[in-house]
Every structure is written in structure tokens, then in C-alpha cells.
Amino acid sequence: MSDRNPELQRPYRTRAGTRHHAGITVTTEGVNFSVFSRNATRVELLLFAHPESEVPFQIVPLDPGINRTFFFWHVFVEGLSPGACYAWRVDGPYDPGASGFRFDPDKVLLDPRSLAITDNLWNREQASKPGENARSSMRAMVVADDYDWEDDQPLHHKLRDAVIYELHVGGFTRHSSSGVSSPGTFHGIIEKIPYLKSLGITAVELMPVMAFDEQDVPAATMDLGLQNFWGYTTHSYYSPHPGYCIAPETGRHVHEFRDMVKALHRADISVILDIVVNHTAEGGAEGPTINFKGFGNEIFYHLDPDDRSRYLDYTGCGNTVNCNHPLVSNFILHCLEYWVREMHVDGFRFDLASVLARGEDGKPMYHAPVLWNIEFSETLARTSLIAEAWDAGGLYQVGDFPGYRWAEWNGRYRDTIRRFVRGDPGLIAEVASRISGSSDLYQRHGRLPVNSINFVTCHDGFTLNDLVSYNKKHNGKNGEANRDGNDHNLSWNCGQEGESADPRILALRERQAKNFFAILLLSQGVPMLLAGDEVLRTQQGNNNVYCQNNELGWFDWALTEIHVDQLRFLRQLIGFRKRHACLRHKRFLTGSRGEGMRLPDVSWHGYEIEQPLWEDPDARLLAFTLGAPDREEADLHIILNMSDSELTLPLPPVSERRWHRAIDTYLPSPDDITEREQQIRVDQDFITIQPRSVVVLESHPRPGMAH
């Protein structure tokens, strides 16, 4: 496309159009446009020849007597075809203090339901101050829905059997070592599917892939040449991010995203999207006008009732989406259904999800309409729903998030296991609760272990390597004088801050990383891993690389050769989890023996059999036995010794079987984890456990005995 294309720039005839459906509808006769704006008094549709056109080739004024139905403004442009770009200008009252209205006829607005956007000309500063910004605004593109899914459908995997891998689409393949043909794109993920498959993970959780504002960073950060990298600053919820497309100027955003989903599904890998509906890229009163502020600021955001020019900020990002207003709730629900129905995604993780539990007055609601509408949606009935069950306004709902089938990022699991592995004493009862599915959090509400998403690290905070290498955050490169990021890391540097050449420290760090992996994959609930942890990726102690679109935030693929032993350990550990049903119970452990079981589903131990150290303030040892759900499978005996002492512990008897060592994180590779056929038999009734190590024994039939 170009401005020299007379066919695209000719004046188009228009007619009234229809309010159904919101957004664009492409037909053989042309394109219908429809947007919601309850209090607008004048609306114009702007048509551009291509993404870099600074001025529209046609401006279509909408007549409220012809082009308005209820609160929708609509027009049909005859003969317009895919490839054109468009935007809106909306006028109306401006009275932010009393009414919250922020209509501005100078600002060019994106359709909130844009299916493909381009940001070639975008200037956030220009959109944040008074005056016209047509030459520096974003554009939406008219796109046709002509994709061939080739019978692909969402996978509908059971979340109970999942191993989730959180990754950043751009950062996963942008490093020069990635070897992909299109670094930092959806297509780059396709090229790395063999690696994902070899890990054994069952689902990828993609950090935000809906169109976001890369310029949304503090001024001091932008002065350093940095940009918003993570993407938790969404503005267009129906459009894949143009920065992850090979050629966004062609408008193939939807095709490229669908290609990735289809390829992942062929590899039997589910796709979970991390979505940000708690706030938008428009920020607070000083932020830019992109779409929602210009169409219905007074509806879409929580505003201070005493001064509606001020935005209530429960997110720490300048604004808060008014999720339980009927229009906004409907927008969110339809958006989710679109990504499932039209884009075939398998699940969602909701950033700062407790915002969705706040009513229009900002107060928490258990029966929040948007949450229950999502839960009961037929379209989403088999879609995984995962909540980050807190927000920046102090609402913390881990174990108490509204709804029944919502899983939760279990922040209490993360904190407890971090403390335990670094060596904090007196946590044994708490650790037992966390690794057995957190029944204390979920059972009283009729929930199940699958409601707990267990994790030790995620994008937000230290990587696993940095968790065992740093006691403090080192975020100076972000331009905020190390004020950003969490100070409560519960980390331990193993004796030296940062990089070390001491072989003893390096060996301890590698063992601690294996301990974290082992405990996570041996816990009831759903494990989630952070991409790069399997090869000890470092961010040099930066626990908030949200603005580091560079090697600090990227996956360095050379590490797959440098830390091949760690990679091997995790691969085999995931395989071990998949082989043992006793690690993936549907219901909470009871300590009883079911029909066909040799042993109770769980037995807890300390220095002696069935004498756990629940009340010992100095204890750093927990042992437990998991009975196999049927006699054909192996029982497991697991010992977690996070003390600095070598311990000799008794082993529980197992009828007609003998214990064999499957995992010992103290041993070097390849003896740290062994396949069943190579496991060494334990001939004594006791075993010696080394300091700061995890040992797992697997029961085998005695020679000559049937399974």
C-alpha cells in the first residue's frame, strides 16, 4: 500500500450502517464501522491509505440522526477493502472534575475493538498534551477473516496434568544466539517448538501479547533509551502486538498469531495468555488519550467521586479499569470469548485479578458480575482461568478469590518454599501444607489442588539463578535509582553477592536451583516454570526488567550448552512427574489408604517414621511417603533436608517392594536423577541425606515378585 495508490484513496460513498457488530465488519460490499460513545456529540471516521499516512485521505462525519443508534455510532463505507487504515475523532463535553468527561476533538482515537493496529508514527508525549496528534497517532487496519485453521481447536487439556512455562514472546528469541529466522516474533516461537517439546512442558503462558504501548515508561527510563518490554500496558485488547509480527504494516497480525497457536497445538502444547484488563496504557490524568478516555472516560475508569478528574489507582499504573460497569464487563467477556473462539487460545492468566473483584465504588465484591460471567460463559467453559489474586490497592485474595474453577497464582507457596530452601527454620507445617496442594487455602471453599498454581519464580522478580545469587535487588539500569522492584525477595546468595568464581559457592547455587525445581515438581497442584530458569539465566540481580528489551531481558540460547546438566535435570524431573500419578492427585491428601493401595496416600515423617516436626522451631527437615493410587505404580518416599547437617534417617517399609534412589540433588549429573532402569537399590532400612538436598526414592518390586 502507498499514498500513490489512487484506488485506495478515492472518495468512498457511505450509508448509515448498523450498530451490530461493534468494531468492523467486512463484507463483499464494503466495511461497517461501529463504536460506542454514550455522551459524544460529534464523531468522525478517518480513513488512511496506509500505516504511515500522516493525514487521512477521507474524513467521514457521522450524522447523529442517521449514524447513531442508542449509544453506538456507525457507518458503512461502500467498496472499502482490507488494507485501509482507520481511526476516529470524537467530540463532546469536557468537564473532568464534575462529570469525568474528557472528550477532545483534536485527538485521534483507536477503535477499542481494533483487530490489527500499527504504531509506526506513535508519539505518547504528543497524545498526552493538548493539541492535534493526527500525524503521530496509531492506526487500526481493516483486515479480512480468511484464515484456514485446518481443523485446529483449543486443546482442552486438564489443568491438573499441566506443567506451565511462562515466557516472553519477544525476549524468548530476540537474542542473536536464538538462531531463528524472525527473532522476537510469533514465528520465532514456532521455530523453538522442538525445544519446548523436549522440555516436557504442556502449556506456554505468554506474557502480554495484546497491543501495548512500548513508550509507557518514566521519563528518566526513556532518556536511557529504554522502552516498555514486558507489555503490561495494553491499549487494544483485540489486536496482537504489532512488535511481535514479521510485517505489521501488512495487517497480518491475526494470521501470524494464529500460525503460532496452530503450530503449538500440533505439538500438543496449550496456549495461555497473560492479560491485563485491570488498567490500560492511558495512565492517569497526565497520560495519553488513545481510545477509552476519548470514547467514555467516565465509564471505563474508576474516578474519585469527590474530584472526577482524579483516577483511583488500585494497580500502581495510574488508572484502574471499572470492570464491573455493565458495558465494561460486557467488553471484557466478549474479548475473552473472541480470543478463545477466533484465536483458539486455551486459557488466561489475569494480571492483578483482584481489580476484577472491585465494584463500581471500588469496594471488593464476592459476587462480582464480571468474574461470575466469565466463570459461567459457555464459550469459556473448558478454558483455563488463572488469577493473580491480589492488586496494588491492598486487596489480597489468595485462597479466597471469587468463583470455584478459578486457579490462583499461589504467592504463599512461592514465599514459603523460598524461605524453606534458603534455610529458614520452623516452617515444616507450612511447607507440608504448600506441597500438598494448600488445602488450608482452598478446601474450605470446595476447591481442589488444581486451584493452586505453584511457582517459585515468575517474570516479576529474580530469576532462579539470581534467587540463589543475590540478597538484594540491583535495578540501577532501569533509571529509577534502584527504587523500583520488590525489596521482599526471600533470596540467599549462598555466601557471595552476584557473580562468583568460587567452585564451592557455584556448586551450592546449582544444588539450590535443583532443590527448588525438585520441590516444585514434587508438589500437588499445578507447577509453573519461568523460561530460562532451566539454564540458569541471569538478569544480574535486576528483579524488574520490565524496560530492558536487551540482553538483560532476553533468553541467551548459549546457556543451553553451558548449563546442559541443569537442563537435563529439569527435563527428566518433568518426565518423572508425568510418570507418577501420586504427584497429581485430583483431591486433597487425607492420610488414608484407598482401595488397591499398598500405603496411605500420604504419611509424614521427621527424624523418625511418622513423627513429623510440626512444632519444632529449629527444624529444617521434612520427609513424606506418597502411596501409589494403584498397585501397578510405584510409591515415592521424599526427603527434604534444608539444614546444613548430614542426616541418617529411617525408611518406611513398603510391602513386597524395595526402595531405589531416583533423585538426589547432592549428587553430580547424571546421578542427580536417574531413569527407573538405572536406579540404585537401597539395601538398608535407613538412608544418609546430605545437607541442603532433596532425595526421592521409588519403590520397585522385589526380585521375583509380581508388580
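Bear in mind that the values in this text are calculations on the coordinates, not laboratory data. All values derive from a computational prediction rather than experimental measurement. Ideal geometry is used to build each Cβ from the backbone, glycine not excepted, and the neighbour counts take in all protein chains shown.
So for each of 542-549, 55-62, 433-440, 309-316 I average, over its residues, the number of other beta carbons within 10 Å; can you give me the resulting order with the highest mean first?
542-549, 433-440, 309-316, 55-62
From the helices alone, meaning DSSP H stretches of at least four residues, give me the mean residue ellipticity at 222 nm for the chain, per-run term -39500 (n - 2.57), in deg cm²/dmol to the nearest 500.
Estimated from H runs of four or more residues: -5500 deg cm²/dmol.
Compute the helix-to-body angle for 411-422: its Cα long axis versus the longest principal axis of the chain, expressed 0 to 90° and rounded to tens.
40 degrees
Among the listed pairs 158/192; 107/363; 129/363; 192/262, give every one whose C-alpha distance is greater than 21 Å. All intermediate terms of the calculation are to be shown ahead of the outcome.
Numbers: 158/192 24 Å; 107/363 33 Å; 129/363 32 Å; 192/262 14 Å.
The answer is 158/192; 107/363; 129/363.
Cα axis of helix 253-266 to longest principal axis of the chain: angle in degrees, 0 to 90, nearest 10?
20 degrees
Given the convex hull over the Cα atoms of segment 589-701, what projected area results after averaging over all orientations, in nm²?
Working: hull surface 28.6 nm².
So the mean shadow area of the Cα hull is 7.1 nm².
Taking R0 as 25 Å, what's the FRET efficiency between residue 81 and residue 123 from their Cβ-Cβ distance, rounded to 0.05?
Taking R0 as 25 Å, the efficiency between residue 81 and residue 123 is 0.30.
Helix 326-341 versus the longest principal axis of the chain: what angle, 0 to 90°, nearest 10, using Cα atoms?
70 degrees
Compactness ratio of segment 6-141: Cα Rg over 2.2 N^0.38 Å, N = residue count?
Details: Rg = 14.5 Å, N = 136, 2.2 N^0.38 = 14.2 Å.
Its radius of gyration relative to the 2.2 N^0.38 Å reference: 1.02.
Going through segment 462-560, which trypsin sites (Lys or Arg not before Pro) have at most 12 other Cβ atoms within 10 Å and a DSSP loop state?
483
Extension gain residue 686-residue 193, at 0.36 nm per residue separation less the Cα-Cα distance, in nm?
This chain segment gains 173.1 nm when fully extended.
Across the chain, what fraction of all alpha-carbon pairs, as a whole percent, falls in each successive 10 Å bin from zero upward?
So the P(r) values, bin by bin, are 3, 14, 24, 24, 17, 10, 6, 2, 0.
Cα atoms only, segment 345-385: Rg and Dmax in Å?
In order Rg, Dmax, the Cα atoms of segment 345-385 give 11.1, 32 Å.
Rounded to whole Å, give me the distance from the Cα center of segment 298-351 to that of segment 652-707.
Computed from Cα coordinates, the inter-centre distance equals 51 Å.
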